[in-house]
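Here's the structure, in structure tokens; my notes come after.
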Amino acid sequence: MEAPWRSLSAEELEKQYSPSQWVVRLGAEEALEAYLQTGIEATRKARVTRRSQLDVPYGDGDGEKVDIYFPDVASEALPFLLFFHGGYWQSGSKDESAFMVNPLTAHGVATVIVAYDIAPKGTIDKMVEQAACSVAFVQKRFPDNKGIFLCGHSAGAQLAAMMLSVNWSKHGVTPNLKGLFLLSGIYDLEPLVSTSQNSPLHMTLEDAGRNSPQRHLEVAPVTPVCPILVAVGQHDSPEFHRQSWEFYQTLCRTGCKASFEELPSKDHFEIICNLTQEDDRLNQIILKTIFQ
């Protein structure tokens with residue numbers, strides 16, 4: 001059966017993959033600005049109020065750094081959550097992405113915000129490799145961890161999901177992966193190749209296929225025992241809904257312990273902005289999964 005996106009006009013495809021066009025509470029520009037300001041403020045607050053190690057290199061490249069935020073507990077036998085920010089692999093940074101740091105560290109979860117080389121400096125292949133290096137780095141640095149959890153938003157969800165297919169032997173360590181939280185992600189990159197989002201990425205069809213978690217699971221199923229949450233906002237576009245639902249179904253078919261959440265009345269940006277709030281439903285799900 002032909003994928004539904006193939007029948008869309010170029011204009012409609014562009015709109016489907018422009019998340020700000022689907023926000024109902026604000027205009028597109030206002031939604032993006034509010035998202036940016038929320039991230040900046042959350043990061044400023046986290047750096048002022050939490051014990052942290054900032055700009056820790058996980059590789060040799062200038063962009064290969066993480067910020068690590070710790071709970072008040074003086075121990076390294078903690079659960080660690082790594083967050084990969086969104087921005088269509090071409091915007092965003094760790095310095096404005098510490099959304100969930102205060103709520104999670106308040107409950108005993110060390111939180112790691114990962115930087116990677118966004119386009120045009122970085123390619124999708126490079127970003128996936130950097131994501132894997134960051135996970136391996138945290139495992140090596142904190143070998144007594146109580147579990148490594150991965151969380152990604154939008155483009156970051158693709159990076160987190162790609163970790164299911166990594167050959168960890170070449171990184172010299174098998175991370176203690178205990179859960180993934182994939183928020184408003186893209187799991188098949190092919191529809192993006194002919195949109196303006198691809199301009200700085202220069203993705204070919206081969207690049208898109210190689211870096212699509214959906215394709216990886218279809219050809220080489222993995223069965224991690226850890227829970228995987230696939231979440232999407234009610235006000236995400238129909239294509240984001242389709243991508244999330246199809247990836248969830250593929251996870252289920254391959255025997256993964258997957259769950260699906262459509263977050264009522266949330267749009268693409270509220271999903272992540274609301275993680276600054278301790279009582280947010282998604283924070284509650286994340287904490288329950290970590291401490292179950």
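Worth pointing out:
- Within the listed set V73, V101, V230, the Gaussian network model of the chain (springs between alpha-carbon atoms below 10 Å) gives the highest mean-square fluctuation for V73.
- Principal-axis analysis of the Cα atoms of the chain puts helix 124-141 at an angle of about 20° to the longest axis.
- Interchain or long-range residues, amide H under 5 Å from L180's placed H: L150, I228, L229
- On the basis of the beta-carbon distance and an R0 of 30 Å, E30 and Q277 show a calculated FRET efficiency of 0.90.
- About its Cα centre, the stretch 1-108 has a charge dipole of approximately 440 debye under the convention of +1 per Lys or Arg Cβ and -1 per Asp or Glu Cβ, with nothing else charged.
- Rg/Rh for the stretch 1-160 (Cα atoms only, Rh after Kirkwood) is 1.02.
- Helix 281-290 and the longest principal axis of the Cα set of the chain meet at an angle near 60°.
- Bridge orientation summary for the chain: considering DSSP beta bridges with both residues in this region, about 25 percent are antiparallel.
- In terms of its alpha-carbon gyration tensor, the stretch 62-121 comes out prolate; a/c meets the 1.5 threshold, and the first ratio a/b outweighs b/c.
- Of (i) 134; (ii) 173; (iii) 121, the label for volume of the Cα convex hull per residue in Å³ derived from the coordinates: (iii)
- Ellipsoid semi-axes in whole angstrom, largest first, where each is sqrt(5λ) of the Cα gyration tensor of the stretch 77-219: 26, 17, 13
- FRET efficiency for the E14 to A106 pair, using the beta carbon distance and R₀ = 30 Å, is estimated at 0.15.
- Heavy-atom accessible area for H202, with the other protein chains in place and a 1.4 Å probe, reaches approximately 140 Å².
- The largest accessible area among Y88, Y35 belongs to the first residue in Y35, Y88, and the rest follow in falling order (1.4 Å probe, all chains).
- The relative contact order of the chain, computed from alpha carbon pairs under 8 Å that lie at least 6 residues apart in sequence, is 19 percent.
- Residue-level accessible surface for D279, protein heavy atoms, 1.4 Å, Å²: 120
- Debye-sum result for the stretch 122-161 in log10 I(q)/I(0), which assumes one identical scatterer on each alpha carbon, at q = 0.22, 0.28, 0.34 Å⁻¹: -0.73, -0.97, -1.13
- FRET E, pair R6, V56, Förster distance 41 Å, beta-carbon r, rounded to 0.05: 0.40
- Structure-based [θ]222 nm, the chain - -39500 (n - 2.57) summed over DSSP H runs of at least 4, per residue, nearest 500: -10500 deg cm²/dmol
- Global geometry of the stretch 80-149, whether rounded, prolate or oblate, following the gyration tensor of its Cα atoms and the 1.5 cut on a/c: oblate
- Between the Cα long axis of helix 28-49 and the first principal axis of the chain there is an angle of about 10°, rounded to the nearest 10.
- Relative contact order [Cα under 8 Å, 6+ residues apart], the stretch 16-154, whole percent: 28
- Shape call, the stretch 165-292: gyration tensor on alpha carbons, a/c limit 1.5: oblate
- Taken per residue, the accessible surface of the chain reaches 41 Å², heavy atoms only and a 1.4 Å probe.
- Accessible-area value, R215, 1.4 Å probe, nucleic acids and ligands omitted, Å²: 70
The values are calculated or read from the model by the stated rules, or taken from the named source; none is laboratory data. For clarity, every value in this text was computed on a predicted model and none was experimentally measured. Reconstructed Cβ throughout: ideal geometry from the backbone, glycine too, with neighbour counts over all protein chains shown. The protein model used for the area step is the full one, side chains on, heavy atoms only, and it has no ligands, DNA or RNA in it. Shrake-Rupley method; radii C 1.70, N 1.55, O 1.52, S 1.80 Å.
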